[in-house]
Every structure is written in structure tokens, then in C-alpha cells.
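Every number in this text was worked out from the coordinates using simple rules, so none of it is lab data. In this text, all values refer to a predicted model and were calculated from it rather than measured experimentally. No Cβ is skipped: glycine too gets one built from the backbone with ideal geometry, and neighbour counts run over all protein chains shown.
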Amino acid sequence: MAKSKASKEPPKTKDDEAPTEFEVTTPTGGETAEETTVTEVPQIIVETPVNLHLAKIVIERFGDEEQDPLFTGFRTVQYHGGHKYTGQFFEGKMSGEGEYTWAHGLKYKGDFKENVISGKGEFVWPDGSVYKGDVEDGFRHGKGTFFCATSPSIYCGDWVHGSRTGNGKIIYDKDGLSYYVGEWCNNKKCGQGFRQYPSGSTYQGCWLDNYRHGKGTMHWSGTGETYIGDWNMGVQHGEGTHIWLVDTNSQLPLRNEYQGQWVEGKRSGVGVFSYASGAKYEGEWANNAKHGYGKFFFKDGSVFSGNFENDSILGRPGSPDFGKMMRSAIATGRISSPLQNSTKVTPQRL
């Protein structure tokens, strides 16, 4: 069986330090849970048997019966190379129900049509993996269920010529808590789908080649974070809204919220960051920091307009007391402290 590449957990970033005199910092991250680094189980694809047109294998002997090229009925046949068939024949061809065993141990039991595996049946691989369902021209094709013997994985859904294509559900653990249900194409998540991770975190939206890609919503159960918007190859990219809950114990949960542009998992471009305290920043961003021209609205209604660099205010506005005002705003809570639990995001295959 082919194996998918295992993802490695990216290093977590150091907690943001408290803002200094001319800094108004914001959370650094997008995604923070292990969902960026979940390692999938190996792909549960086992190669389709060779020699689909079984009649091409030279017959070695017809059990104890006399060879008859147009035989009709039930018979056991040994084929050259150690293969074996036991079942129904019609005019010398395997037709009806039967069981075919390859020399290397793979077995098929089910329907045959003129020497071709077609209809409904069951494949059993030497490692114990099992497929039950529709077959056509020797392939898993139609509706079927695959039970993987080397991991607690089960896939139930559509198949096209041996690959998961269409709609289906794959369960990754024995308790059924980690799973994906949705659209597939050539054994990969592709289209609309819902993924629940071992932690209980979820993603609902578009997929491409096993990545979150397109429009989608991610919710992290551990931190209470939510992102709604555009994704590109597994990370926030485009337009989107990220919400960080600050206090869930109050009657109205307090939260920080960013609405705007993202580039490769970071706030970059133009966006609005609303603090739980009531303060707000509108303007330009780069690499998760206020960078460029922007406006900062304090809780008391005062406003600063000017340039920022790496989350720091460049220079001082006209008033010589502005630095004092900033220190006072931070000390008295007019500017709330940023969250301290975010990590950088790196593209990860799920």
C-alpha cells in the first residue's frame, strides 16, 4: 500500500511580549491547534489484482475432470503460476459465483462475467485488509467498503476504477472520533467536505488534493478560535475573519477579531482588528503586524492616524504628550493585552 507523507509539527513561537511605549501589539497567529500537523494514516489503497481477464492465464488442469473448453457447471481449476478458481463456468468461461485465489495470496469471492470480475464481491488481501462491494472489470467500482488491516481505518463510499472518487466517509480511529465525510477524487479529498480531528476541532468547506483550499470554516475546540474565509493549500490566504475568544465566562463572551486580507497564513494587506476592550485598528498589515498606514481608535474615543512599522508607531504625532498618553492607555487597560497562545502557521497536508 502506498503511504502518505507524515507531517511534522512546526515549532511554536515565543509568546508575544507586553507592548512597549509605542507598540500596540496583536496576536501573531492564525491556526494554533494540532490540526495544522495531523498525520493521516497511510492511504488505504491496495493495488487491484493483475490479470483481470482471467481466461488469459493458461489452464494447467481441471481438477480431476477431463478438460473441456466449453464446460458448463461447477468446477475447480488450477492455472499456470499457482492460481486457482473454484466456481461456476458457462461454455468454458468463469461466469456466475466463484472464488479466485492468486498465487501470492490475494483472494476474490463473488460474481464473474465471462472471465471478468464484475458484479458484487469481496477481496481479501494477504495482510488481512478487506473490500466488500461493487466490482467492475476487476476494479472496485461503484459502492463499497474497505477495511484496512494495518490501521483502524474504514472507508465507505464511492469507487471509480479502483480509487476513492465521488462521495464517501473515512474513519481514522477505532472510536470514530477522527473522520472525513465529503467528496473525493483519485483517493484525495477534493471538493466539499467536513473533517473532524482527534481533538474535536472541525473544518467545513472546500478541499483540493487533501488540502483545505477555497472557502471554508475552521473551529479549534481547545482555544475557541474560529476562522471563516479563504484557504490556499492548507493555510489562510485571501479574505477572511479570524476570531479569538478572550473571556468565555462573561455574559457576552469577549473576543478579539480580525477581518481582512491574509497571505500564506498571516495577516498581510489591509484589515481591521477589533480588540475585546473596544479599541480598534484599521489599516495595513505585513506578517501579522501593523505595518504601513493605519488608524488606531482608542476605547475612550481618541484616534491616532499615521504610519506603523512592525507593530510600532513610527515617530510621534504633533502632541508632545502622545507618548505619555500611550503609556497611560496601556497601563489603564484602554488597550487590552494581546492573546498569548498563537503559533505560526505552515502549510500542512492533512
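Can you pull the one-decimal nm distance between simple spin-label points at residue 302 and residue 181, each 7 Å off the Cα toward Cβ?
5.5 nm
For residue 140, list long-range residues whose amide hydrogen, built 1.01 Å from N in the peptide plane, is under 5 Å from its own amide hydrogen.
162
Hey, can you grab everything whose amide H is under 5 Å from the amide H of residue 221? Only 5+ residues off in sequence or another chain; H modelled, so Pro and N-termini drop out.
Distant-sequence amide H within range of residue 221: 201, 202.
Want the number for residue 74 to residue 264: 0.36 nm per residue separation, take away the alpha-carbon distance, what's left?
Details: separation 190, 0.36 × 190 = 68.40 nm, distance 6.33 nm.
Going from the current span to full extension adds 62.1 nm.
With +1 assigned to the C-beta of every Lys and Arg and -1 to the C-beta of every Asp and Glu, and no other charges, what is the dipole magnitude of segment 122-234 about the Cα centre in debye, to the nearest 20?
Details: 11 positive and 12 negative charges, 36 e Å.
The dipole of segment 122-234 has a size of about 180 debye.
Run the quick spin-label model on residue 130 and residue 257: label points 7 Å from Cα toward the beta carbon, then report their separation in nm to one decimal.
5.1 nm
With 22 Å as the limit, write out which pairs from 215/295; 143/169; 84/143 have Cα-Cα distances beyond it, or answer none.
On the way: 215/295 29 Å; 143/169 12 Å; 84/143 27 Å.
Violating the 22 Å limit, Cα to Cα: 215/295; 84/143.
At 0.36 nm per residue, and after removing the present C-alpha to C-alpha distance, how many nm does the segment from residue 293 to residue 280 gain when stretched out fully?
3.3 nm
With a Cα-only, solvent-free Debye model of segment 127-263, what are the log10 I(q)/I(0) values at q = 0.10 Å⁻¹?
Log10 of I(q)/I(0), two decimals: -0.43.
Calculate, for residue 150 and residue 90, the FRET efficiency according to 1/(1 + (r/R0)^6) with r their C-beta to C-beta distance and R0 51 Å; round to the nearest 0.05.
The computed FRET efficiency comes out at 0.85.
Would you grab the residues whose amide H sits under 5 Å from the one on residue 309? Only those 5+ places off in sequence or on another chain, please, with H modelled 1.01 Å from N.
Counting only residues 5 or more places away or on other chains, the set is 292, 314.
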